[in-house]
Amino acid sequence: MINITDTQKIGVGFAAFGVSFIFLGVILFFDKGLLAIGNILFLAGLAFIAGLERTFRFFFQKRKWKGSGAFFGGILIVLLGWPLIGMCIEVYGFILLFSGFFPVAVNFLRRMPVIGQLLNLPFISGLLPPDSSA
């Protein structure tokens with residue numbers, strides 16, 4: 001069993017609230033206040049979950065500079081008051097940063113009962129990376 005420290009539990013809460021605020025900010029027509037709070041909470045949550053050193057190592061690897069620059073630049077643009085442009089840049093950076101994780105997440109979701117059946121439908125499975133477990 002995995003032991004989760006109290007700091008990591010707080011980080012999960014921060015990250016969850018961050019994602020919730022970002023979702024609300026997008027739903028409420030890119031409200032810059034909600035998006036800014038969501039971005040700050042999400043980053044704080046990542047730092048609490050993984051630790052400051054591992055978080056910095058993740059974002060500032062040489063091969064991830066482009067994604068990190070776009071992600072943090074998008075956050076800065078949101079904070080400066082241009083939420084739609086900032087979120088577009090932020091999503092681009094997020095995709096660059098976590099693109100190596102997407103196939104792993106899709107393969108995990110394919111093994112779940114209801115979601116797996118949906119992901120294996122012909123018109124959806126054609127859009128996703130192939131199943132690597134076969």
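The values are calculated or read from the model by the stated rules, or taken from the named source; none is laboratory data. Because the structure is predicted, anything quoted here is derived from the model rather than measured. Reconstructed Cβ throughout: ideal geometry from the backbone, glycine too, with neighbour counts over all protein chains shown. The area values use the complete protein model at the heavy-atom level, side chains included, leaving out ligands, DNA and RNA. Shrake-Rupley method; radii C 1.70, N 1.55, O 1.52, S 1.80 Å.
Brief remarks on what is shown
- A protection proxy built from the mean count of other Cβ atoms within 10 Å ranks the segments 117-130, 81-94, 60-73, most packed first, as 81-94, 60-73, 117-130.
- Karplus-derived 3J(HN,Hα), 6.51/-1.76/1.60, for each residue of region 29-44, Hz, glycine and proline x: 6, 6, 5, 5, x, 5, 5, 5, 4, x, 4, 5, 5, 5, 5, 5
- Summed over the residues of the chain and divided among them, the accessible surface reaches 69 Å² per residue at a probe radius of 1.4 Å.
- Length-normalised contact order for the chain - Cα pairs under 8 Å, 6+ apart - percent: 17 percent
- Difference of contour (0.36 nm per residue) and Cα-Cα distance, Phe102 to Ile4: 32.9 nm
- Ile27/Ile115 FRET efficiency (R0 25 Å; Cβ-Cβ; nearest 0.05): 0.65
- Of the solvent-accessible surface of the chain, computed with a 1.4 Å probe over protein heavy atoms with every protein chain present, carbon and sulfur atoms account for 76 percent.
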